[in-house]
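Quick notes on the structure that follows.
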Amino acid sequence: MVSSILKTEKLCKSFSNGGLQQHVIKNLDLEIREGDFTVIMGSSGSGKSTLLYALSGMDKPSMGKVLFNGTEIQGYSNDELAVFRRRNCGFVFQSVYLLENQNVLDNVLTGALIVQKNSPELVMKAKDLLKKVGISDEDLNKYPSQLSGGEAQRVGIVRAIINDPKILFADEPTGQLNSSSSRDVLDIFSDVHKRGQSIVMVTHDLKTALRGTRVLYLRDGGIVGDYSMPVYGENDLKERRNGLTAFLEEMGW
Amino acid sequence: MRILRLSLFNLKKNKREALAIIFLTMITTFMFSVFITNGARIDHAYDEGFKASGSVNRLIIIGEDQYHDEFKRILEEEYHPERLSENRYIFSAMTDVLDNNNEPLSQNLLFVTEKTERQLEDFVKTEMMSEEEIARVEHPIWLPDTFRISKGYILGDTFTVIKAAVPYPFTVVGFYESGLQSSDSYGFKCVLSDADYDLFSMIYRSGNAHSYVGLGFDAPADFSLDDFIDKCEASSSENIRSDFFDFSYDNEKNNETTFLSIYLMMTVFLSLVTFIASLFMIRHKIGNDIEDQMQQIGVLEALGYRSKEISLAYLYEYILSGGFGAILGGILAVAITPALDQGIMIMLGRGMHESPAFSGVIIVVLAITALVTLFALLKARTVKNYPPVVAFRRGINTHHFGKNPMPLEKEKGSINCWLALKGFLSDVKSGIGVSICIITAGTTLLFALLMVVFFKDGTKSLETLMGTDVNILMVNLMSDVDPYAVRDEIASLPEVEKAMVTYDLEFVSVKDAGDPGQIMVYEDFNLSDTLFPCYGRFPEHDNEVMIAFRRAKTQNLSLGDSITLTSGGLEKSYIITGIISSMMNSGTVLYMTPEGYSRIRADGRAHIIYVYPAEGVSLDDLEAKVSSLYGMSAKDTVGSSAAGGSLEEKIRLAAEEKIAVLLSQYGVTDVDYAIRIGDQLISGNSRNFVIKEITTYQGIIKSQMAPIAEVTKKYTLIAAVLITVVIAVILAILSSSNVRRQRHSLGIMKSLGYSSHDLMTQMALKILPVTLLSVLIASVCVVLINRVFWTALFGVVASTNIPVIVIGDIGLILFCYAVTYFSAGRIKKISVTELMTE
């Protein structure tokens, strides 16, 4: 039986806006299984990103529980959440968010050295991972402004997985990329997932969602649909696409 | 309007930083305004006060026995002075008095009659009793106005002069503007009734040379005191230089305004430090603002705004905040003027006759605002370097295409430390401004700290620069007493650490010098607790002398040079073996061995014993012990109650008191008496007295040095606090401004798992290299400034308290670290989610 890595109970998240309370996530119960590639979809404003931040300890829920491997994290202080994130999570953002004043290798190592001690093995691992995603040794000393959007996002992914996180979160990682770059990036995600990495990804792109194993549909702060994708190999891409499209049409996407 | 709105938006968004700029410009304007409005007034205040008194600008008093009528003729014929008058004076140096709180003090006093006073000046009364009230007062006294202004005397107070242990209480009937003799250093001129003056004339009558003839006059510009004394000596064929006392407008003004001028100069220095720091802080902040709002700049440019117009947005911000701060500072300077006037009057001991020129404040306000504007403009103009495309590519200017300092693959130790140093090396340029701020402010802070520590125990540290041992009893022996035998007896007392025989401070002329010398003799200089040569060594042979640092400076003398002394027709040359910090008598003291002294003063006689108390023994207790051993001194015996029991005891006590008066006040050296009552013969002699007088420096230190020490301590303490606040404000602004500028990167770091504490530590560590270097430079600067300060002010070389500087350095570094760390607390408010939804 596959164990759950992340679980929420009655999760709520509200924002105060001009004195008005806006309830973005409402009493949400959810379980993310270890090794799953979970995709969260929904229309704009449905609370996808808010849910991702609450799950990942980037933000604190207003009410309810978030359990990571059975441990409640919603009561953690900001600094405790920072430690939680560095030990357990990796993040890939839509805008990449590389550190502008650090070169490619340093961007990756900045994420690594807060968790582990420096060693030749660590540096080698960073270089290997970068090479695997197509960043050559010559590019290691480049600064983010010298990279294309796709290259930057690949560096972002390496930075996210350098610590072998227990779970990888991605917020529309291909949102700002062209189709070619998107494909490259998604291939990396698929590759990482095949090696057992748990992934939670927010997207509104069908092609991106097709890479997942489970699609959750969010509407008005609650999960209204939970679709398990056919396993790779059993169905061809067309079938997967049809199945997902039917699910999404059912959800009113 | 949009541009102005952007300025207002920035001000509103960064309220704390705007408030800090307002604070800094306010402090700067306030201090500059205080200097501008009061600098000239202090100079004028003395002049105006002097002018209001109608005083002559010079008074030379000469011992009555040494004075010859010929001197006045020489003065008239050779120098043609105006308003020349010749009068009698009583001058009493280091006089014991009881102040209005009945506290004992030691002061230099000059007693005159009203007639004499009116010949010297106009006797302008500032406050007085009615004529009827004065008529009812038995012993009236008029005191210089400084007693009312600075010392808190009021009409009707009692001013008690103690002479030969006898108190002479006077009632203060009025205060008057005194031109000369209106300070602790030069003494106070007190106007007595004719009857009281006559009484004091008797008490102070010659023999002890307390009665003087004074020549008061307006000296012509080319008047030379040395030249005059030379002519007088030639005329009288006597060595009388040491009997001349000179009081002049120039000397007294210089003496009275020196400290105020120094405090004002320090105020200017403080305001400069604050101003420089403010400018760099503003420069840094604008740079950060521009980077922070790069996208907005790009949008405005894309909309057709010229870079000049966008620059104006930043300019308005500083015109508004800087101008507001400057106006507040100006208002504060005006508002505080009455209190400052009071302070200046207290320090000068004179009334303020000139109104403050507030136009100076307006000029300062405008100048500070203009300078802030100019500085802001220069930095804001960099907007033109960012055309829309560049501006849109936000942060382009922070890219480093060249070196990558401290690559992380070589990281060792702490990642926070490594990233902080990496950040510092990537942006060394911005560290220069911070460095200048810390160097200037740190130097001031360390100097203030040195002063506070130096004056922490009042005058105790200052005493080490006096050039003589201060915490001693000076026991003046009767002429027929063997000083060495007494010394040995005293030295054997358990209350005594050591004792030493020495001589009176005798005046001698120093060839080619403007002032005479006073010889201080130590049979063994190593006995001294406080004498340490700054350069060279103590004199060891009869042809060697040690001089004060001030004399070395003024006469351009150095070790190995010779000085020639003349006294009583003798002229002797001495080799300078040592130079010492000596404030005593304005650095005129010459230090010699007994043999050296005898060469120039063959008639000199050692009859004084310096007695050093043992640890924990007070001078009062020691004096009581010495008195109990040898009986009261002649001086103390005078006026003591002859309350013996039998007739014989009463007669003996009365006789001893009479003898004491003769010994202590009339220069009599030997007295025998015999009184027959019926068959009984009661006889005795002066040889019962061993001690003529016991004196200490404590009274004079309390009256002259304690106020200086107190004011300096308070001033430097305020300066230290102020500079600490300024440093804190600047670092807080820089830190919070840096957090704002790096909000994006910090948010990313947070998402990677760096805690707020990690990032705040990095912020604080980032300025550590700059702080360390700056504090080191500040320490070197403060050593130099300390040296210049003491040399310029007191003519001494004060050793710099290195441990205090080291402690100050450590404190400053920790303070800078802590302020930067806590000011970066804004990092806690950076939300990772907000960053991602931008």
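No value in this document is a laboratory result; all are computed from the given coordinates. What you are looking at is a predicted structure, and each value in this text was computed from that prediction instead of being measured. Cβ coordinates were reconstructed from backbone atoms using ideal geometry, including for glycine residues, and neighbour counts include every protein chain displayed.
The convex hull around the C-alpha trace of the range A:164-253, projected and averaged over every direction, spans 6.4 square nanometres.
Only bridges whose two residues both fall in chain B count here: according to DSSP, what percent of them are antiparallel, nearest 5? In chain B, DSSP labels about 80 percent of beta bridges as antiparallel. What is the angle, in °, between the Cα long axis of helix B:307-348 and the longest principal axis of the Cα atoms in chain B? Nearest 10 is fine, range 0 to 90. The angle comes out at about 10 degrees. Taking the Cβ-Cβ separation of B:Asp679 and B:Thr158 as r and a Förster radius of 41 Å, what is the calculated FRET efficiency to the nearest 0.05? FRET efficiency, B:Asp679 to B:Thr158: 0.25. For a quick check, take a GNM of chain A with Cα springs below 10 Å and name the residue from A:Leu30, A:Leu99, A:Leu52 with the largest mean-square fluctuation. For chain A, modelled as a Gaussian network with Cα springs under 10 Å, the answer is A:Leu99.
What value does the range B:58-218 have for Rg/Rh, both radii from Cα atoms and Rh as Kirkwood defines it?
Working: Rg = 15.7 Å, Rh = 16.2 Å.
Looking at the range B:58-218, the ratio lands at 0.97.
Projected label points at B:Leu557 and B:Ser236, each 7 Å from Cα along the beta carbon direction, are separated by 2.5 nanometres. For the range A:49-157, count all C-alpha to C-alpha pairs, find those more than 25 Å apart, and express that count as a whole percent of the total. Cα-Cα pairs in the range A:49-157 separated by more than 25 Å: 33 percent. By the Stokes-Einstein formula, at 1.002 mPa s and 20 °C, chain B with its Kirkwood radius over alpha-carbon pairs has D equal to 68 µm²/s.
Rounded to the nearest 500, what is chain A's calculated 222 nm mean residue ellipticity when only DSSP H runs of at least 4 contribute -39500 (n - 2.57) each, over all residues? It comes out at -11000 deg cm²/dmol, rounded to the nearest 500.
For chain A, a Gaussian network of Cα nodes joined below 10 Å ranks A:Ser179, A:Ser56, A:Ser95 by mean-square fluctuation, and the top entry is A:Ser179. Evaluating kT/(6 pi eta Rh) at 20 °C and 1.002 mPa s, with the Kirkwood radius of the protein assembly as shown over Cα pairs in the Stokes-Einstein relation, gives 59 µm² s⁻¹. With respect to chain B, whose longest principal axis is taken over its alpha-carbon atoms, helix B:194-203 is tilted by about 70°.
Provide the percentage of antiparallel DSSP beta bridges, counting only those with both residues in the range B:58-218; round to the nearest 5. It would help to have the intermediate numbers written out before the result.
Working: 36 of 46 bridges.
Roughly 80 percent of the beta bridges in the range B:58-218 run antiparallel, per DSSP.
Could you let me know the centre-to-centre spacing of the range B:723-773 and the range B:499-551, using Cα atoms, in angstrom? Using only Cα atoms to place each centre, the spacing works out to 58 Å. Which lysines have a Cα less than 17 Å from the Cα of A:Lys7, not counting those fewer than 8 places away in the same chain? By straight Cα distance, A:Lys7 reaches A:Lys26, A:Lys48, A:Lys60, A:Lys65, A:Lys166. Our note on the geometry: Cα centres of the range B:444-472 and the range A:132-200, 68 Å apart. For chain B, the 222 nm mean residue ellipticity estimated from helices alone, with every DSSP H stretch of n ≥ 4 adding -39500 (n - 2.57) and the total spread over all residues, rounds to -17000 deg cm²/dmol. Note on the range A:207-253 and the range B:606-624: Cα centroid distance 103 Å, given to the nearest whole angstrom. Among A:Thr203, A:Thr213, A:Thr110, the largest mean-square fluctuation in a Gaussian network model of chain A, built with springs joining Cα atoms closer than 10 Å, belongs to A:Thr110. Shape of the range A:34-76 from its Cα gyration tensor (a ≥ b ≥ c, root eigenvalues): rounded if a/c is under 1.5, otherwise prolate when a/b > b/c, or oblate? It comes out oblate by the Cα gyration axes.
In the protein assembly as shown, what percentage of the DSSP-assigned beta bridges are antiparallel, given to the nearest 5?
Details: 100 of 138 bridges.
The antiparallel fraction comes to roughly 70 percent.
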